[in-house]
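First up is the structure itself, then whatever we jot down about it.
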2 protein chains.
Amino acid sequence: MESFIAPRRILMGAGPTEIPNRVLSATARPTLGHLDPAFVALMEEVKALLRYAFRTTNDVTFPLSAPGSAGMEVCFVNLVEPGDRVIVCRNGVFGERMRENVVRLGGEAIVVDHEWGEPVSVERLAEALRANPGVKAVAFVHAETSTGAQSDAAEICALAEAHGALTIVDTVTSLGGTPVCVDEWGADAVYSGTQKCLACPPGLAPVTFSPRAIAAVKARKAPAQSWFLDLNLVLGYWDGGDGGRSYHHTAPVNAIYGLHEALVMLKEEGLEQSWTRHRDNHEILKAGLGTMGLDFLVDADHRLPQMNVIKVPDGIDEAAVRRDLMAEHAIDIGAGLGPLAGRVWRIGLMGQAVRLENIMRLLSGLETALIRQGRDLKRGNAICAARHVAASFARAGAPTGERAIAACAA
Amino acid sequence: MESFIAPRRILMGAGPTEIPNRVLSATARPTLGHLDPAFVALMEEVKALLRYAFRTTNDVTFPLSAPGSAGMEVCFVNLVEPGDRVIVCRNGVFGERMRENVVRLGGEAIVVDHEWGEPVSVERLAEALRANPGVKAVAFVHAETSTGAQSDAAEICALAEAHGALTIVDTVTSLGGTPVCVDEWGADAVYSGTQKCLACPPGLAPVTFSPRAIAAVKARKAPAQSWFLDLNLVLGYWDGGDGGRSYHHTAPVNAIYGLHEALVMLKEEGLEQSWTRHRDNHEILKAGLGTMGLDFLVDADHRLPQMNVIKVPDGIDEAAVRRDLMAEHAIDIGAGLGPLAGRVWRIGLMGQAVRLENIMRLLSGLETALIRQGRDLKRGNAICAARHVAASFARAGAPTGERAIAACAA
């Protein structure tokens, strides 16, 4: 067996996304000890940068040493005790996973169910809260990666708080891509991942906990069922306080280098500008898709710009289209999950490395694949429409548009 | 905030250790999708290489997407159900952590306690097994990182099996450094880490499960309390079987590149040769320490060559010695944990990157630090003694010795 040379792919699926070279090379810097003063100083910078990304002043804000799925679990395992009732808003894969978390911990999950592709209904959540007074928490997914739907986190959190319930919020796909405003929302336990709009390799889960959430953790009757994810222990390392830091587990030092670099890049660009860039790229893609008669699963008001879930037209072999894109353009887009398997494509436009030439290449490849399957499309129309939108951003002086046009011209 | 430039350190503590450039640069290769066929092929290579490292034919052998501490937890959370009785052999930090795992899962931990620095007593374990018929498992640490003691895994596993108990074995510090022979031992659930003798960045936990252990997982009455660590779900991704692989979580793709490269290097060198190299380096270090009157915590028969736990002589300020080593040589050695805090130093000689010049530099720095604190030592004696041992390996034709001498002369 020999060294692995990764083939080149253009990652436009549900994540991981393209990783900038700055981030990749940061991960390859010499490993430091996990209690080295230089590394501890870096940890403090990562915490500050994550507070910026999450728009929060929460003390307890750090990257958990495991992927986003463990980020979900660290919220539930610390906040849910046996017998606790939790309302779970389920509108895709990740809501169902939340329900599983509650049940495995001995809690009672009260599910507010939705069609896949719908945002969470604030009205139906309000009904559920009225019908179940005294629930411990409301859990929901801000940005459902499986459907591309965005829910109104501010309203949901306000409603939960008015009923005295904590909130557990999945921002895996939204952080850095669309507004995540933890303090303005009043969210309590929020987790994310690194491999989406932060454009980092997968493997870490940024998390943040409000003082109210931490108080609930401290008030537990019994320790969390997980030793590895027990916040009281993890914080002995990430927080330390007056007693100094103590060893809990060996942090993934090099992965944290990469996250630091990605967050520095986010700060350099500016969070609001990053949101704008994701939205602009979405508009460019959408214009091209429109020429092919392709439509979104989610209605316009609740679409995630970074996660475009497109309905497969009748009579089209969706897997063949993905195979063509991979074979001819090395483009990796996502398939549907669960009930959406075979019915949608998931096109991710996430993070720093989404470039206009990749969007154009995708549109061109998609057009070719559809023509091959008998669609009556004029070759080049999609790119032309997309280019017009990109040009309009340039005329409006948006930095994204400028970059987009420059890349298109190159 | 700016990009982080890691200062150069020589890592000779309890891990992470020095990481070879080949491994660091592998982690920086372009990220692939976690279901990309090229990545799936790499996963299969990693599984095969881990079987080589663990000396096992176990199908279920893979790297868990989280640090070694989660490797411990994946064994306990899948094998221990509420009410199960587990004998935990405790002779250091990690045995105590095992006990915590059992208790948090609602199991009953029967502790066979030892002085720190002792190996697990097979006689006392036999007593405990006789006194507690029908225990579900025996858990022990093969290589206690906190004390440097190695236990007789073959005898312990045979004894447990004779009593119908499964075994859960911590090989975090031993894998790749001293013989870990999962099949010869008949061990059932074995976990390790990447940042010790495999010389990889921290963040993954290689694990292997015997068919007997997998049968026990399948026979559980209720699902594991952890969704993230539920083997039945994790294996849907890592194993797949006839139904193909399914998404569970997004694997830490780049970290797995690094592990693959480290395992390819281990295969190139040869597992037995790696064990020899670790032992030779230990002998070289020991000769130098002997000239300073420094002694090991663990008796000669049970010392780990890769984890040298040295008693701090009376009257020596141990923290000042570590500060001197860091300030003057950028050498990072480990402090004592728990009851050994302030009483020992922990000198790690782990992995591919341990070079003779670093051992020599450490010995020289230690000598200077002790002279500074009033010890009557002749400067240069330690290096001289160590060099003699290295030279003897060279004369005996050991490849390590040759490398050692070449590095020493350089």
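So what's the gap between the Cα centers of the range B:333-393 and the range A:220-288, to the nearest angstrom? Answer, in whole Å: 38. Each of the peptides B:172-181, A:211-220 was scored by the mean count of other Cβ atoms within 10 Å over its residues; in descending order, highest first, they stand as B:172-181, A:211-220.
Rounded to the nearest 0.05, what FRET efficiency is calculated for B:Asp59 and B:Ala158 with R0 set to 22 Å and r the Cβ-Cβ distance?
Working: r = 23 Å, r/R0 = 1.03.
According to the calculation, E is roughly 0.45.
Between amide H atoms placed 1.01 Å from N, distances below 5 Å from B:Ile110 occur with B:Val86, B:Ile87, B:Val88, all of them 5 or more places distant or on a separate chain.
Treating each Cα of the range A:31-267 as an identical point scatterer and summing with the Debye formula, the log10 of I(q)/I(0) at q = 0.15 Å⁻¹ comes to -0.96.
Mind checking Rg over Rh on chain A, alpha carbons, Kirkwood formula for Rh?
Values: Rg = 21.6 Å, Rh = 22.0 Å.
Using only Cα positions, Rg/Rh for chain A is 0.98.
For the protein assembly as shown, the residue among A:Pro313, B:Ile156, A:Ala369 whose Cα projects farthest onto the positive side of the dipole built from Cβ charges is A:Ala369. What is the angle, in °, between the Cα long axis of helix A:271-291 and the longest principal axis of the Cα atoms in chain A? Nearest 10 is fine, range 0 to 90. So the inclination is approximately 40 degrees. Shown in residue order for the range A:315-331 are the 3J(HN,Hα) couplings computed by the Karplus curve 6.51 cos²θ - 1.76 cosθ + 1.60 at θ = phi - 60°: x, 9, 7, 5, 5, 5, 5, 5, 5, 4, 4, 6, 5, 9, 10, 6, 8 Hz (x for Gly and Pro).
Inter-copy label distances for A:Pro82: 0.3 nm (label point placed 7 Å from Cα along Cα→Cβ; shortest first). Neighbour counting of Cβ atoms within 10 Å sorts the residues B:Cys384, A:Cys89, fewest neighbours leading, into B:Cys384, A:Cys89.
The alpha carbon gyration tensor of the range A:270-409 gives principal lengths a ≥ b ≥ c with a/c of 1.5 or higher and a/b greater than b/c, which makes the shape prolate.
Ordering B:Glu127, B:Glu367 by the number of other Cβ atoms within 10 Å of each residue's own Cβ, fewest first, gives B:Glu127, B:Glu367.
With N counted as the residues of the protein assembly as shown, its alpha-carbon radius of gyration over 2.2 N^0.38 Å works out to 0.98. When the GluC sites (Glu not before Pro) in the range A:1-92 are filtered for DSSP coil states and for at most 13 other beta-carbon atoms within 10 Å of their beta-carbon, the remaining sites are A:Glu2. Highest mobility in the GNM of chain A, judged by mean-square fluctuation with C-alpha springs under 10 Å and restricted to A:His282, A:His34, A:His260, is found for A:His34. Bridges between two residues of chain B, per DSSP, are antiparallel at a rate of about 50%.
Between copies, the label points of A:Ala330, set 7 Å from Cα on the Cα→Cβ line, lie 3.5 nm apart, reported in increasing order to one decimal in nanometres. The Kirkwood radius of the range B:269-332, taken over pairs of alpha-carbon atoms, gives through the Stokes-Einstein law at 25 °C and 0.890 mPa s a diffusion coefficient of 183 µm² s⁻¹. Across the copies of the chain, B:Ala319 has label points (7 Å from Cα along Cα→Cβ) spaced 6.3 nm apart, shortest distance listed first. Gaussian network model of chain A, Cα springs within a sub-10 Å range: biggest mean-square fluctuation belongs to which of A:Ala143, A:Ala28, A:Ala369? Evaluated over chain A, the most mobile residue of the options is A:Ala28. Shown in residue order for the range B:364-374 are the 3J(HN,Hα) couplings computed by the Karplus curve 6.51 cos²θ - 1.76 cosθ + 1.60 at θ = phi - 60°: 5, x, 5, 4, 4, 5, 6, 4, 4, 8, x Hz (x for Gly and Pro).
State the dimensionless ratio Rg/Rh of the range B:8-81 (Rg: radius of gyration of Cα atoms; Rh: Kirkwood radius). When Rh is taken as the Kirkwood radius, the ratio is 1.02. Placing a pseudo-label 7 Å from each Cα along the Cα-to-Cβ vector at B:Ala222 and B:Glu2 gives an inter-label distance of 5.5 nm.
Residues with beta-carbon under 12 Å from that of A:Leu263, excluding A:Leu263: net charge, scoring Lys, Arg +1 and Asp, Glu -1? Each step should come with its number before you reach the end.
Details: positive: A:Arg22, A:Lys47, A:Arg51, A:Lys267; negative: A:Glu45, A:Glu261, A:Glu268, A:Glu269, B:Glu2.
Local charge sum for A:Leu263: -1.
Shape class of the range A:191-280 from the alpha-carbon gyration tensor: prolate, with a/c at 1.5 or above and a/b greater than b/c.
Shape class for the range A:106-230: oblate, because the ratio a/c of the largest to smallest gyration tensor axis (alpha-carbon atoms, square roots of eigenvalues) is 1.5 or more and b/c is at least a/b.
If contacts are Cα pairs under 8 angstrom and at least 6 residues apart, what is the relative contact order of chain A in percent? Walk me through the numbers before you get to the answer.
Details: 808 pairs, mean separation 87.9, N = 410.
Computed value for chain A: 21 percent relative contact order.
Could you tally the net charge around B:Pro7, taking each other residue with its Cβ under 12 Å from the Cβ of B:Pro7, Lys/Arg +1 and Asp/Glu -1? That sum, taken over residues with Cβ under 12 Å, equals +1. Comparing B:Leu366, B:Leu204, B:Leu271 in a Gaussian network model of chain B (Cα springs below 10 Å), the most mobile by mean-square fluctuation is B:Leu366. Amide H contacts of A:Thr167 (H built 1.01 Å from N, in plane; Pro and chain starts excluded): A:Val138, A:Asp188, A:Ala189 sit under 5 Å, all sequence-distant by 5 or more or on other chains.
Exposure proxy shown here: for A:Met307, A:Met326, the number of other Cβ atoms within 10 Å sets the order, fewest to most, as A:Met326, A:Met307. Counting only DSSP beta bridges whose two residues both lie in the range B:44-180, roughly 10 percent are antiparallel.
The residues packed around A:Glu161, meaning those with a beta-carbon under 12 Å from its beta-carbon, carry a net charge of -1 if Lys and Arg are +1 and Asp and Glu are -1.
Across the range B:191-196, coupling constants 3J(HN,Hα) worked out from phi with the 6.51/-1.76/1.60 Karplus curve, θ = phi - 60°, read 10, 8, x, 9, 8, 9 Hz, and Gly and Pro carry x.
We did not get these values from a lab; they are worked out from the coordinates using the rules stated. Nothing here was measured: the structure is a model prediction, and the numbers come from that model. Cβ sites come from the backbone with ideal geometry, for glycine too, and all protein chains shown count toward neighbours.
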